[in-house]
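S.K.: What follows is a single structure, and I will ask about it in a moment.
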Amino acid sequence: MMPTNGLQVLIVDDDDADSMIIEQALETAPVPPVTSRVSDGQQALDYLRRRPPYREAVRPDLILLDLNMPRISGHEVLAQLKADPDLCTIPVVVLSTSDDATDILTSYTRHANAYVSKPFDLESFEQVVHLINRFYADVARRPSRRE
């Protein structure tokens, strides 16, 4: 299947190294997505609700969400997103180092679209990011982008 258009991807992760791996992996896609990054849950909510300093933020087509972050956890971000009628249709992939059954169950209970554990080796991590991007860019149907 040929890619049709790049995604707008919001990376919500406080780990600079993981974020860099994600961004670099996405840059190698046949149609690289446009990425934005915030480093904690409060910034994520401000970005998505276009509160200062994110008034010009573009609504993402996909959110890659870490769980363990400062200020507001990924679980709480997920709960608020999926309870918000303006944001609930944005697919959220939890991308976390946690393999904890409670984290997985809580994420799906709060309506994550997928839960993916971050692999510890670089090549596997990049491959996982490629698969997520390919699925959401080339396979999954998304609602029309609303600005």
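S.K.: Here is a list: Ser98, Ser124, Ser117. Which entry is among the polar types (S, T, N, Q), buried (at least 17 other Cβ atoms within 10 Å of the Cβ) and either closer than 22 Å to Asp15 by Cβ or at pLDDT 95 or above (or both)?
M.R.: Among Ser98, Ser124, Ser117, only Ser98 is among the polar types (S, T, N, Q), buried (at least 17 other Cβ atoms within 10 Å of the Cβ) and either closer than 22 Å to Asp15 by Cβ or at pLDDT 95 or above (or both).
S.K.: So, Tyr54, is that one more than 29 Å from Leu122 (Cα to Cα), at pLDDT 95 or above, buried (at least 17 other Cβ atoms within 10 Å of the Cβ) and of a type in the set (Phe, Trp, Tyr) or not?
M.R.: For Tyr54, the condition - more than 29 Å from Leu122 (Cα to Cα), at pLDDT 95 or above, buried (at least 17 other Cβ atoms within 10 Å of the Cβ) and of a type in the set (Phe, Trp, Tyr) - is met.
S.K.: Still on this structure, I have one more. Between Ala17, Ala29, which is closer than 27 Å to Thr106 by Cβ, surrounded by fewer than 19 Cβ atoms within 10 Å (Cβ to Cβ) and among the aliphatic types (A, V, I, L, M)?
M.R.: Ala17
S.K.: Please find, among Arg71, Arg110, Arg59, the residue that is of a type in the set (Lys, Arg), within 13 Å of Ala44 (Cα to Cα) and either in contact with a helix residue (DSSP H, G or I) (Cβ under 6 Å, 6 or more places away or on another chain) or surrounded by fewer than 15 Cβ atoms within 10 Å (Cβ to Cβ) (or both).
M.R.: After ruling out the rest, the residue left standing is Arg71.
S.K.: I've got another one for you. When segment 33-51 is examined, which residues are found to be touching a Gly at 6+ places or on another chain (Cβ under 9 Å) and either crowded, with 17+ Cβ neighbours inside 10 Å or closer than 19 Å to Asp15 by Cβ (or both)? Steps first, answer last, please.
M.R.: Step one: of segment 33-51, the residues touching a Gly at 6+ places or on another chain (Cβ under 9 Å) are 33-34, 41, 44.
Correct list: Pro33, Gly41, Ala44.
S.K.: A further question follows. Just to be sure before I move on: is Val77 in contact (Cβ under 8 Å) with a residue 60 or more places away in the chain, closer than 18 Å to Asp13 by Cα and β-branched (Val, Ile, Thr) in the structure I sent?
M.R.: Criteria met by Val77.
S.K.: Name the residues in segment 111-147 that are more than 21 Å from Gln80 (Cα to Cα), part of a loop (DSSP other than H, G, I, E, B) and free of Cβ contacts under 8 Å to residues at least 40 places away in the same chain, would you?
M.R.: Residues satisfying the conditions are Pro119, Phe120, Asp121, Arg141, Ser144.
The values are calculated or read from the model by the stated rules, or taken from the named source; none is laboratory data. Predicted model, so just to flag it, every value in this text is computed and none were measured. Using ideal geometry, Cβ is built from the backbone for each residue, glycine included, and neighbour counts are taken over all protein chains shown.
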